[in-house]
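J.: Just passing along the structure, written as structure tokens.
Every read-out reported here was derived from the displayed coordinates using simple, explicitly stated rules and does not represent laboratory data. In this text the structure is predicted, and so the values were computed from the model without any measurement. We place every Cβ from the backbone using ideal geometry, glycine too, and count neighbours over all the protein chains shown.
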Amino acid sequence: MANLLRILLLTCALCLALSTALAQDVLTATGGPETHKVLLDNDQVRVLDVRVQPGQKIAMHSHPANVTYYVSDYKIMVTFPDGKTALREGKAGTAVWSGPLTHAVENVGTAEFHLVQTEMKGTAK
């Protein structure tokens, strides 16, 4: 029984690691090219203008550390690689810092979800 539990836990950990490793850049993920426009891309940062319509989804993807400025109020459902979900709501004019993350996003609000995201690159100082 203990061996079965160890195998199950190892399998779960492997699946989580694999799903994170396979997460795509947002510009290649389903829904990403339609919602994300590159405003600037250099060796320091990538700046994205993001517009997600009500009901629109962006498949699982990854971001490096970043700063996000919310241009509009928003209500989104975020899904993480382990399958957990979180409803997130916020106000226009808010800026937040985030470390690297992998997620899928759905606009569950009634208006366009608009943000500007600045992704840091390895050489950013």
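J.: From the residues in the stretch 66-121 that are of a type in the set (Gly, Ala, Ser) and free of Cβ contacts under 8 Å to residues at least 12 places away in the same chain, which one is farthest from residue 54 (Cα to Cα)?
T.: Going through the qualifying residues, I end up with 83.
J.: Working only within the stretch 51-71, note down all residues that are aliphatic (A, V, I, L, M) and either touching a Pro at 6+ places or on another chain (Cβ under 9 Å) or farther than 14 Å from residue 104 by Cβ (or both).
T.: The answer is 60, 65, 67, 71.
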